[in-house]
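Have a look at the structure below, then the notes.
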Amino acid sequence: MPPAAFESWLRPEGSGLYCVPGDFYIDPHAPVERAVITHGHSDHARPGHAHVLATEETLDIMRLRLGTWNFGSGQSLSYDTPLQVKDVTIRLAPAGHILGSAQVVMEYRGQRAVVSGDYKRSADPTCLGFEPVPCDLFVTEATFGLPVFHHEPAMSEVRKLLTSLRDFPERTHQIGVYGLGKCQRLIALLREAGYDRPIYLHGALRSVTDYYISKGFALGDVPPIGDAPLAGEIVLCPPSAIGDRWSRRLVDPLAGFASGWMRIRGRARQRGVELPLVISDHVDWPELTATISELGAGEIWVTHGREQALVHYCKTIGLKARALAMVGYEDDAE
């Protein structure tokens, strides 16, 4: 008997991607009874679910960011530990996106489907690297799913920031970063590059950074701004703080932004960014296509991002592919 079509047991529904034989959703965007959450970013980890399965770090981050109204019961699952959920065996594999991020690996009636969540293939000192899991169906994002997107090595972008500090020692370097993952990764990369001065934090970045430190990441001195003289210093802040009233306390601020979107010069100009840093926590086009080739899946589903371009590419190399057009996932949180 030929294997069942994947659509018979894994399908997009109103609340998100639903596993029928396991009776759970993966990263649902509306409250459900049972949810498996790939990582703690707010477009994937939403409040209101009755039962949540995720890595320990993702559960911690959800509690930290969502407060008292987060979810009912939480069950942590370590990486590469199989768990039987009704008729489906699942395990979580590292996704390399942020701390605690996971791919959801599902085995059902001789078929293996992998839902990657968000992921990247480049090295990150603040999380485990992506684990390639050979599969029959690979469900992938396509945030940067166009050939124009080719991310620079992160350390070369960090060196660009350090060069700017040397060239403009009289200015505060105000760098916009997403608060979960990008902030802590940039700090760790700066430390790897030998930068040992304080790195000042906007208050909105404090709680998650403190959580990373509690998990053993050596991020060095990361004080609040306070009344410190900030000429020649690095200040990290949410992207929304660039150019707002909060920035007035800085000394002739030089605006930077660490994001894969900084590959597009128009986006940098729109935000008034003088120092675009192409540092991404998602795969670029070469990494997307190489991952698809490496995993050997005969079928590819694309959840969000530049879906049609990736679907077209997969079909040209003989793979079955479809765009799921999942709602609720944000590109700008990169």
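The values are calculated or read from the model by the stated rules, or taken from the named source; none is laboratory data. Just so we're clear, the structure is a prediction, and the values are computed from it rather than from any experiment. For neighbour counting, all protein chains shown are included, and Cβ atoms are generated from backbone atoms with ideal geometry for every residue, glycine included. Areas reflect the complete protein model, heavy atoms only, side chains present, ligands, DNA and RNA absent. Shrake-Rupley method; radii C 1.70, N 1.55, O 1.52, S 1.80 Å.
Going through segment 197-218 one residue at a time, which ones are small (Gly, Ala, Ser) and out of contact with any Pro (no Cβ under 9 Å at 6 or more places or on another chain)?
If the condition is that a residue be small (Gly, Ala, Ser) and out of contact with any Pro (no Cβ under 9 Å at 6 or more places or on another chain), then SER207, SER214, GLY216, ALA218 are the ones that fit.
Which of (1) among the small types (Gly, Ala, Ser); (2) touching a Ser or Thr at 6+ places or on another chain (Cβ under 8 Å); (3) touching a residue at least 60 places away in the same chain (Cβ under 8 Å) is the odd one out, the single condition ALA113 does not satisfy?
(2)
Take the conditions of a type in the set (Asp, Glu), more than 21 Å from PRO12 (Cβ to Cβ) and over 23 Å from the mean Cα position of the chain (by Cα) and apply them to GLU233. Does it pass? Even if it seems obvious, please write down each step before you answer.
Working: of a type in the set (Asp, Glu): yes; more than 21 Å from PRO12 (Cβ to Cβ): yes; over 23 Å from the mean Cα position of the chain (by Cα): yes.
So GLU233 passes the test.
Can VAL302 be described as within 20 Å of the chain's Cα centre (by Cα) and farther than 23 Å from LEU180 by Cα?
Values: within 20 Å of the chain's Cα centre (by Cα): yes; farther than 23 Å from LEU180 by Cα: yes.
So VAL302 passes the test.
So ARG46 passes all but one of these: (1) within 28 Å of LEU288 (Cβ to Cβ); (2) open to solvent by 20 Å² or more (accessible area, probe 1.4 Å); (3) at pLDDT 95 or above; (4) of a type in the set (Lys, Arg). Which condition number does it fail?
ARG46 satisfies all of (1) within 28 Å of LEU288 (Cβ to Cβ); (2) open to solvent by 20 Å² or more (accessible area, probe 1.4 Å); (3) at pLDDT 95 or above; (4) of a type in the set (Lys, Arg) except (3).
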